[in-house]
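Peer 1: Okay, here's the structure, questions in a sec.
The values are calculated or read from the model by the stated rules, or taken from the named source; none is laboratory data. This structure is a prediction, so every number in the text was calculated from the model and none was measured. Here Cβ is always computed from backbone atoms with ideal geometry, including for glycine, and neighbour counts include all displayed protein chains. To get the accessible areas, we keep the full protein, side chains included, count just its heavy atoms, and leave off ligands, DNA and RNA. Shrake-Rupley method; radii C 1.70, N 1.55, O 1.52, S 1.80 Å.
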Amino acid sequence: MAKVKSNANKKLLHLIDIGLALSSEKELNHLFKVILEKSIELTGAEGVSLFLIREQPKQVMGDMVTLQKESKLYLIKSMNRLKGEMDHTHSFILDESSVAGTAALQKKIVIIDNTQDKKQSPVQINPLFDRAYHSSIKTLMSVPMMTSDGRVRGVLQLINKLKPNNISEPYPTKKQLNEMTIPFSEDDQEIIRLFSNYAAIALENAQLTESIENLFESFVRASVKAIESRDPTTSGHSDRVAMMTVELALATHKIQEGPYKGVSFSEEQIKEIRYASLLHDFGKIGVTEPILLKKKKLKDRDLESILLRFDSMGYSEETLLWKNLCERLIEEQRRLGHSFDPDLAYKNTLQQIDFLKQKIKKMRSQVITANEPQVMSDDFDIKDLMLQVTQDNQFFNNSVLTQEELKTLSIPRGSLTEKEREEIESHVSHTYEFLKQIAWTENLSHVTTIAHCHHEKMDGTGYPRHLREEAIPIQSRMMTIADIYDALTAFDRPYKKSVTPARALEILIKDARAHKIDGHLLKIFIEAGVFHHATLGTIKKVG
């Protein structure tokens, strides 16, 4: 009696250990495998199938369209002692036409001691089971997996309880299998009932975790889509930056020397980096479209106004020259008579008009050139160009360009005025304000900080907080490199031409030498070929 009690206690303790193991498993596929393995271990069954119950939308047509749901039973995975495990994609309507469906709907264990006895098998056995196992089913036990609130999450269906130590390779014949198969006992029922409850709770938790992760992933994707819908020309930027930042983080794991030797990121930290990178530009939603989409230094209507001024000035000046010529011809003819040479006066006027036209043409061209945003301030000498424009403007009595327009055309880099740049730079603060509203889980708690620092520079000249090297997270430094590289090499945008990868790397190296970006990380970025990932079309999900 004491020995029986001792065995029962051992089984109970073993079951508790299994329950703890199940509760700690969050990855669904691995949890499925553990559930199947432990089911066979606890009952001595030849094999087991795992069914899950899922609800699907169902649209009912009648007098009015109504949206309803229907439950289905999905055969997810099966396992056999000798045949191993198999994945399945079969689904069935949840009703009592199957043993698994009957167990789920009646919320009770269904046992068939002999499937060949039709009196014991009022429920039809789906032949898919036989095909899954390549064997005969003699005994069967279907167990509903119920949570504490009485909800059935799925069904465990065990087949052919075998005599202890009575199965070995090669796989037994149908006759041999019948001889070694015995009915499932009451102890089997009790232990599997308790186990199935543990499994149901673990399954519910894992499914909830996966649903939350999928929900958040779709939320992030929707957010990225919202960002890019404001400016379709930047489509794919967030994905590429996330891909390169993740690859750069992974590349640091292989570093054998330098300040990043020994630096590594966990799977959760990689996921954190990825989310921060995907959402780093979300704050652009708060930037007005005229500035977000500004193509040139001058707004379109302002440039059009200046070009019209050139045309108007040309016509006015030419008209004035012809008027002066006519007046002079009349006056000189009257005063000097035949000694005045009208042909020479006409020729001189044509030369003046031609000089005027060339002057206007040159200035017009200089304005159009100066209006182009520069990727780097040394792409062409904007100071020398604007000196000429200013002198020509003075030649025309400052009647072509205003002082504000001259100041705008003198922008050394990019297309934004100081005030406009302040607004575009505010997107980082908008991103921070948006991200800090999200209830991040503990393993993603640094997403907001990483994204907030992606425009900070090592020498403190970045924004929005002008942090210096020691205050900028490594993850943010990585994203800065990826962000700059993609911004330079991405396909042509209305406000800039793309540069070659080689040119982009030259610019990054120049920034590293000026201590704007992390030179050690840039070296890894180049040597590991991380920048090649900018050409890939989709992001590799990590974690």
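Peer 1: Scan segment 265-283 and give yes if some residue there is closer than 30 Å to M386 by Cα and not β-branched (V, I, T), otherwise no.
Peer 2: no
Peer 1: OK, next. Please specify each residue of segment 495-507 satisfying the condition of being without any contact (Cβ under 8 Å) to a residue 40 or more places away in the chain and in a helix (DSSP H, G or I).
Peer 2: P501, A502, R503, A504, L505, E506
Peer 1: Moving on. Quick one: in segment 391-410, of everything that is over 14 Å from N371 (Cα atoms) and of a type in the set (V, I, T), which residue is most open to solvent (accessible area, probe 1.4 Å)?
Peer 2: T402
Peer 1: A further question follows. Could you list all residues from segment 296-310 that are farther than 12 Å from V367 by Cα and either open to solvent by less than 40 Å² (accessible area, probe 1.4 Å) or modelled with pLDDT under 80 (or both)?
Peer 2: D300
Peer 1: Identify the residue in segment 1-57 that is more than 19 Å from H88 (Cβ to Cβ) and among the hydroxyl-bearing types (S, T, Y) and, among all such residues, is modelled with the highest pLDDT.
Peer 2: Ranking the qualifying residues of segment 1-57, first place goes to T43.
Peer 1: Hey, can you tell me all the residues within segment 277-295 that are buried (at least 19 other Cβ atoms within 10 Å of the Cβ) and either aromatic (F, W, Y) or farther than 16 Å from K419 by Cβ (or both)?
Peer 2: Passing the criteria: S277, L278, L279, H280, D281, F282, G283, K284.
Here's the yes/no breakdown for (1) modelled with pLDDT of 85 or more; (2) surrounded by fewer than 18 Cβ atoms within 10 Å (Cβ to Cβ); (3) of a type in the set (G, A, S); (4) farther than 19 Å from F434 by Cα:
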residue	(1), (2), (3), (4)
N214	yes, yes, no, yes
E217	yes, yes, no, no
P232	no, yes, no, yes
H237	yes, no, no, yes
M243	yes, no, no, yes
V246	yes, no, no, yes
A251	yes, no, yes, yes
P259	yes, yes, no, yes
G262	yes, yes, yes, yes
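Peer 1: Only one of L203, L194, L208, L162 is of a type outside the set (K, R), open to solvent by 70 Å² or more (accessible area, probe 1.4 Å), modelled with pLDDT of 80 or more and closer than 23 Å to F51 by Cβ. Can you tell me which?
Peer 2: The unique qualifying residue is L208.
Peer 1: In contact with a helix residue (DSSP H, G or I) (Cβ under 7 Å, 6 or more places away or on another chain), of a type in the set (A, V, I, L, M) and either under 18 Å from P464 (Cβ atoms) or surrounded by 14 or more Cβ atoms within 10 Å (Cβ to Cβ) (or both): is that true of I450 in this structure?
Peer 2: Answer is yes for this residue.
Peer 1: Still on this structure, please answer the following. If the requirement is being out of contact with any helix residue (DSSP H, G or I) (no Cβ under 9 Å at 6 or more places or on another chain), farther than 15 Å from I273 by Cα and surrounded by 15 or more Cβ atoms within 10 Å (Cβ to Cβ), which of these qualifies: E506, E456, E470, E425?
Peer 2: None of the other options fit; the residue is E425.
Peer 1: Within segment 73-85, how many residues turn out to be in contact with a strand residue (DSSP E or B) (Cβ under 8 Å, 6 or more places away or on another chain) and either open to solvent by less than 70 Å² (accessible area, probe 1.4 Å) or closer than 11 Å to L52 by Cβ (or both)?
Peer 2: 8
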